[in-house]
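Enquirer: A single structure is presented below for examination.
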Amino acid sequence: KGIRVTVRNLTYTVQSFRDKKETAVLLSDVSGMFNPGEMTALLGPSGSGKTTFLDLVSGRKTVGEIDGAIHFGGKAPTTRFLRRHTGYVEQFDTLISALTVHEMLMYTAELKRPLEESAESKEAACEKLLHDLGLAGARDVLVGSEMVKGISGGQAKRLNIAIALITDPSVLFLDEPTSGLDSFTANEVMSVVKTLNTDDVTIIATIHSPTAYAFSLFDSAMILCSGKQVYFGPNGPELVTYALDALPGVEKKSPGNSDIEWLIDVFTRADRDGIADNFAEVYKHSDLKARMDAALDDVDKIAANPDTEASRKLQVDSSTTVPFAHALWTMMKFRTRKNYKDGEYLGPRLGEKVFLSFLIFTLYWGIGDDHNPDNVVNVSSALFMWTTLPAFGAAAYVPQIVMERRLFMRERADGLYRPMAYLVFKMLDEMFLLLPVTLVLGAVVFYAMSLSGSFVLFWLVYYFTLGNGVVLAYLVSAVSPNMEAANAILPTYVVTLLFFAGWLIRRDDIPAYWSWYYYIDLMRYSFGSLMINQWEDNDPDWAGGQT
């Protein structure tokens, strides 16, 4: 089932961050051939372009100018093909903490495997992966988080690999699969990856500081330095010999160092000392480069045959992205059900609402039916606070959105769902929970305060104001680069809403240049509705007999 991946003269250029008129070349003239049943290591110092190369070949990086050819089975791949026949394991674990290992796999299978496939077939595929990757013993263990104990780091990495394998891909990309793992666990993870070679899977992995054992598992290696290619060829003695004999100024390996430790030191020094260009020139005129170019020419001739298996796979007609309704149902089935049992999820959403409702109805107990002028301010102040609390409470929704960003980006890139399906799921997830909560708390506050007007209107205003708070939190979370920025932006914006809600300054007293803000203030409509509901049929008697 393997597919040969070929890359020829790949160059990647982006605009400079500081000066848009300038460009930066992140990769320059990189070529390589990755065969089925082989595992290739992408090596190089930090910032050498390893992950950039992996993202370009896997189709995950489209911004910037890309020159050169990337072929799967001799043809340029489509996005649909990449989602169906490739898997990508990111450097950082992107899992759902509230799900078990088995549920995490089934959730992905429901969203990524063919819609017409039976549930039994998807279950069988998940069980096979659990067995093959040594996760059967952790089948029903929660993934967990920093707050909740779950699976180990090695198990989490293997689960990420299992997720990438859920569609039986022909090509597997791994970005730093041993990052953050101890030597034993790193060796264990790479041994599991190596077993995939028996299925003719083409494996390409970036790896920064592998152990000697983990590095020995790779069949070939590509080495990048400052965005330039300085080696592509077999792993093992030939790589060491090439570095010793062909590269200028390389010190001999000391007896106490392993091959990989010495190689990392050689290329890190080259990057640091600014001699990567020299290494790249040596490789460009080497026999290794000539042999690879000849092999690429031969592959191009073979690829002209339209009957190859790779060609048939490249003709997939449908994206792996499931229909909107199925994606929404699957997310509700797996994630909402678990969220409603998760104290870490429920606590921030319910705690402050219960406490502040308790504070309001005990502080303003029974004042709603007192229509004396002296009490108007008290009742109106209570309604004002009831309106503003949902906006301030929106801060409880920020952390999850920010922390889920990496998960969303990975699942979106994998084609699990469209952004709109995710947004609707998040809104329903929150609003279904708020429905009974607001009904109970609204009833307690309304009747404890002896308010007038319609309880249904009072509740609906509270419910939809909370909904607006959720949307506000999502918007701020989406545009903020990190949690700190979101936590600074949200309260600042909420405070501006207070000034124009109709209580701190009268509408007629707002300067003309600020009057527009009054009409886009969501609190103004909520507070105004509650004031009308309370006072429309209750006219306080003011001094002089006026009402």
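So that you can scan it fast, the table gives a plain yes or no per residue for (1) in contact with a Ser or Thr (Cβ under 8 Å, 6 or more places away or on another chain); (2) buried (at least 19 other Cβ atoms within 10 Å of the Cβ); (3) assigned by TED's automatic domain parsing to the domain that holds G347; (4) under 30 Å from F72 (Cα atoms):
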| site | (1), (2), (3), (4) |
| --- | --- |
| T108 | no, yes, no, yes |
| L130 | no, yes, no, yes |
| E146 | no, no, no, no |
| G154 | yes, yes, no, no |
| P210 | yes, yes, no, yes |
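Enquirer: Is the range 197-204 home to any residue that is outside any loop (DSSP other than H, G, I, E, B) and under 23 Å from S152 (Cα atoms)?
Expert: So far as the range 197-204 goes, no, none of its residues is outside any loop (DSSP other than H, G, I, E, B) and under 23 Å from S152 (Cα atoms).
Enquirer: Anything in the range 359-415 that is of a type outside the set (A, V, I, L, M), under 30 Å from A164 (Cβ atoms) and modelled with pLDDT of 85 or more? List them, or say none.
Expert: Passing the criteria: E404, R405, R406, F408, R410, E411, R412, D414, G415.
Matching residues to (1) among the polar types (S, T, N, Q); (2) in contact (Cβ under 8 Å) with a residue 12 or more places away in the chain:
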position	(1), (2)
R337	no, no
Y340	no, yes
Y364	no, yes
P373	no, yes
V376	no, yes
T388	yes, yes
Y397	no, yes
F425	no, yes
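Enquirer: Inside the range 93-194, counting only helices (runs of 4 or more DSSP H) that do not spill past its ends, which hold 2 or more residues that are β-branched (V, I, T)?
Expert: 101-112, 153-164
Enquirer: Quickly run through the range 58-67 and pick out the residues that are among the small types (G, A, S) and either closer than 20 Å to F173 by Cα or without any contact (Cβ under 8 Å) to a residue 40 or more places away in the chain (or both).
Expert: Within the range 58-67, S58, G59 meet the criteria.
Enquirer: Out of the range 67-110, which residues are among the aliphatic types (A, V, I, L, M), touching a helix residue (DSSP H, G or I) at 6+ places or on another chain (Cβ under 9 Å) and under 23 Å from R406 (Cα atoms)?
Expert: Passing the criteria: V89, L95, I96, A98, L99, V101, M104, L105, M106, A109.
Enquirer: I'm trying to understand the selection: among the residues of the range 495-520, which are part of a helix (DSSP H, G or I) and either outside the structural domain of A394 (by TED's automatic domain parsing) or buried (at least 16 other Cβ atoms within 10 Å of the Cβ) (or both)?
Expert: L497, L498, F499
Enquirer: Any chance the range 249-258 includes a residue that's on the phi > 0 side of the Ramachandran plot and in the same structural domain as V25 (by TED's automatic domain parsing)?
Expert: Residues of the range 249-258 that are on the phi > 0 side of the Ramachandran plot, as a first pass: 249.
Keeping just the survivors that are in the same structural domain as V25 (by TED's automatic domain parsing) gives 249.
The answer is yes; a qualifying residue exists.
Enquirer: Restricting the search to the range 479-490, which residues are assigned to a helix (DSSP H, G or I) and either loosely packed, with under 14 Cβ neighbours inside 10 Å or outside the structural domain of L435 (by TED's automatic domain parsing) (or both)? Let's see the steps before the verdict.
Expert: Looking only at the range 479-490, we keep the residues that are assigned to a helix (DSSP H, G or I), and these are 479, 483-490.
Residues satisfying the conditions are V479, E484, A488.
Enquirer: Among the residues of the range 3-33, how many are part of a loop (DSSP other than H, G, I, E, B) and over 30 Å from T198 (Cβ atoms)?
Expert: Here the count works out to 7.
The values are calculated or read from the model by the stated rules, or taken from the named source; none is laboratory data. For clarity, every value in this text was computed on a predicted model and none was experimentally measured. When we count neighbours, we look across all protein chains shown, and the Cβ atoms used for this are built from the backbone with ideal geometry, even at glycine.
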